[in-house]
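Asker: Can you keep this structure in mind? I'll have questions shortly.
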Amino acid sequence: MERLSTGSLAEDRPDTVKQTQINVALIGYAFMGKAHSNAYRQVGRFFEPRLTPRMKVICGRTPANVQAAAREYGWDEAATDWQEVVTRPDIDLVDVCTPGDSHMEIAIAAAKAGKAVFCEKPLGNTVREAERMLAAVEKAGVVHMICHNYRRIPAVMLAKGLIESGRIGTIRHFRGTYLQDWITDPAFPLVWRLDRTQSGSGALGDLVAHVVDLARYLVGEIVEVCGHLETFVKERPLPGHPEQRGTVTVDDASMALVRFESGAIGSVEATRMAPGRKNWNRFEINGTTGSIAFDLERMNELEVYLEGDDPAVRGFHRVLATEPEHPFIKSWWPPGHIIGYEHTFVHTVYDLLEAIADRRMPSPNFHDGLRNQLVLAAIETASAERRWVQV
Ligand SMILES: NC(=O)c1ccc[n+]([C@@H]2O[C@H](COP(=O)([O-])OP(=O)(O)OC[C@H]3O[C@@H](n4cnc5c(N)ncnc54)[C@H](O)[C@@H]3O)[C@@H](O)[C@H]2O)c1
């Protein structure tokens, strides 16, 4: 099989794609490493991407663990030195699934080596890092994408379609909440997600980043914010050393009021301390002629209310977004045979592969990653300075 030699968008490349295979290197083998691995494995079985991903090498820091991951997920090779991996001439696409403190270094090295770069969110740990990452991929002229997989849920795309067709009129409100409960117990250890040097922030970068992405995707740019960040449990046991305690350096919960460029207003909120809420990524959007609401825990459904409906039966109704007309669905199962979390990554990887085949920039990309990071930074500033902040 011929393979793609570079992720470059350079103009001197031929318009038609002759290559049929793209060699992938994935850095990080845990939660997202597994989700992305599954996406590369499944995408060609349900879709027909013009480029077939070859799962060439997966990389981590602990040899035995990364070797086990390679075997389990189906990668050709395991490696422990990402610097060596991202410059290998036989690699076309580098997929970054590590914590935020290594995104910038890996993405910039991959871009410099001419590889397409797919990076987990948030893009970097700071605005400065995100700016440097965007500058690097632009300078190298490579394809880049950030993994905001929730954009590719069929019900969310249906919401986008209803908004764009004007069915709910002019949007006035966006209300987004992302609630989890896994750090409610004060005895839960100080893992990397609770250490600012590794994660950049807490619920803000982990969860509000997704809400902000959905808000930007569905409603438009956020131009001003007023926010509050809170850390309820300030010290926690160290992982593997429960007798020692360390300081929590990120927010447990964060919330903000936001103003959109369009004139709409909204709220974004996330916490990892809402007992019973496991992955409650929910939004409601109200327009002048209708409303829509979505909840990730019921991700095949969209609640829709349209003023134009017959008044006798008008009300919120549940649309099961599993018809062949709904995005991505006809490649999976017959109507009503629902899809799940892992499918969102398959859809994202499919669109990434198609964009590389077309030599166009996929969406969301590092521009979106930077814009998102600017909103998160503005929320932090607003919280610290107790005022509204322009993005
Ligand atoms: N898109 C989503 O819905 C979603 C969901 C969860 C996490 N994420 C993002 O994915 C990224 C990873 O999160 P996760 O949940 O998979 O974390 P994780 O802790 O489950 O996995 C992190 C992996 O990175 C590896 N790693 C850490 N530092 C490394 C380094 N310097 N070099 C090589 N490997 C290194 C670890 O060994 C581990 O395999 C984060 O940016 C996170 O915000 C996105």
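Asker: Could you tell me what fraction of 2.2 N^0.38 Å the Cα radius of gyration of the range 281-344 comes to, as a two-decimal ratio?
Answerer: Taking the Cα Rg and dividing by 2.2 N^0.38 Å, one obtains 1.24.
Asker: Using Cα pairs closer than 8 Å and at least 6 residues apart in sequence, work out the relative contact order for the range 227-317, in percent.
Answerer: 15 percent
Asker: Let me ask something additional. So what is the relative contact order for the chain, in percent, with contacts set as C-alpha pairs under 8 Å and at least six apart?
Answerer: With pairs under 8 Å counted, the relative contact order is 20 percent.
Asker: Moving to a separate point now. Beta carbons within 10 angstrom, averaged per residue: use that to sort the peptides 250-261, 234-245, 189-200, 161-172, highest first.
Answerer: 250-261, 189-200, 161-172, 234-245
Asker: In whole Å, what are the Cα extents of the range 193-327 along the three principal axes, biggest one first?
Answerer: In descending order, the Cα extents are 64, 32, 26 Å.
Asker: Among 311, 324, 334, which one shows the highest mean-square fluctuation when the chain is modelled as a Gaussian network with alpha-carbon springs under 10 Å?
Answerer: Answer for the Gaussian network model of the chain: 311.
Asker: Now a separate question. Among the complete DSSP H segments of the chain, which ones combine at least 18 Å of alpha-carbon extent along their axis with a mean Kyte-Doolittle hydropathy of 0.0 or more?
Answerer: Answer set is 341-358, 366-385.
Asker: Report the extension gain between residue 48 and residue 81 in nm, rounded to one decimal, defined as 0.36 nm multiplied by the number of residues separating them, less their alpha carbon distance.
Answerer: The residue 48-residue 81 span can extend by a further 8.6 nm.
Asker: For the chain, modelled as a GNM with alpha-carbon contacts under 10 angstrom, which of 183, 379, 58 fluctuates the most?
Answerer: 183
Asker: Under a no-solvent Debye model with one identical scatterer per Cα of the chain, what's log10 I(q)/I(0) at q = 0.06, 0.09, 0.14 Å⁻¹?
Answerer: Per q value, in the given order, log10 I(q)/I(0) is -0.24, -0.54, -1.31.
Asker: Right, something else. Give me the net charge of residue 245's neighbourhood, meaning all other residues with Cβ under 15 Å from the Cβ of residue 245; Lys, Arg count +1, Asp, Glu -1.
Answerer: After counting each charged neighbour, the total is -2.
Asker: Summing -39500 (n - 2.57) over the DSSP H runs of n ≥ 4 in the chain and dividing by its residue number, what mean residue ellipticity at 222 nm do you reach, to the nearest 500 deg cm²/dmol?
Answerer: Value at 222 nm, helices only: -9500 deg cm²/dmol.
Asker: So, one more: Between residue 181 and residue 385, with labels modelled 7 Å along Cα→Cβ, what's the label distance in nm to one decimal, could you check?
Answerer: The modelled label-to-label distance comes out at 3.8 nm.
Asker: With a 10 Å cut-off between alpha carbons and a GNM built on the chain, which of 322, 62, 20 moves the most?
Answerer: Of 322, 62, 20, the most mobile in the Gaussian network model is 62.
Asker: So how do 76-89, 270-283, 26-39 stack up, highest first, on mean other-Cβ count within 10 Å?
Answerer: The packing order, highest mean first, is 26-39, 270-283, 76-89.
Asker: Something else now. Once a ≥ b ≥ c are taken as the square roots of the eigenvalues of the Cα gyration tensor of the range 107-192, is the result rounded (a/c under 1.5), prolate (a/b larger than b/c) or oblate (a/b not larger than b/c)?
Answerer: Oblate shape, in that a/c is at least 1.5 and b/c is the bigger or equal ratio.
Asker: Taking 45 Å as R0, compute the FRET efficiency from the Cβ-Cβ separation of residue 128 and residue 360 and round it to 0.05.
Answerer: For residue 128 and residue 360, the calculated efficiency is 0.95.
Asker: Now a separate question. Could I have the simple spin-label model distance between residue 313 and residue 279, label points 7 Å from Cα toward Cβ, reported in nm to one decimal?
Answerer: It works out to 3.4 nm between the two label points.
Asker: With an 8 Å Cα cut-off and a minimum separation of 6 or more residues, compute the relative contact order for the range 280-391 in percent.
Answerer: Answer for the range 280-391 is 12 percent.
Asker: Label-point separation (nm) for residue 267 and residue 165, each offset 7 Å from Cα along Cα-to-Cβ?
Answerer: Going by the 7 Å Cα→Cβ label model, 3.1 nm.
Asker: Another question about this same structure. Work out the charge dipole of the chain with +1 on the Cβ of Lys and Arg and -1 on the Cβ of Asp and Glu about the Cα centre, then indicate which of 134, 260, 159 is farthest towards its positive end.
Answerer: Comparing the listed Cα positions along the dipole, 134 ranks first.
Asker: In addition: So the label point goes 7 Å from the Cα of residue 135 along Cα→C-beta, right? Which residues of the range 365-391 then have their backbone N under 11 Å from it?
Answerer: none
Asker: I'd like the FRET efficiency for residue 30 and residue 243, computed as 1/(1 + (r/R0)^6) with the beta carbon distance as r and R0 of 35 Å, rounded to 0.05.
Answerer: Approximately 0.85, to the nearest 0.05.
Asker: If the cut-off is a Cα-Cα distance under 16 Å, which lysines reach residue 112, setting aside same-chain residues fewer than 8 apart in sequence?
Answerer: Leaving aside lysines fewer than 8 places away in the same chain, those within reach of residue 112 are 139.
Asker: Which of the lysines could be linked to residue 34 by a straight reach, that is with a Cα gap under 20 Å, when you skip same-chain ones fewer than 8 residues away?
Answerer: Output for residue 34: 56, 121, 278.
Values in this text are rule-based calculations from the coordinates and carry no lab data. Quick caveat: nothing in here was measured; it's all calculated off a predicted structure. Cβ atoms come from the backbone with ideal geometry, glycine included; neighbour counts cover every protein chain shown.
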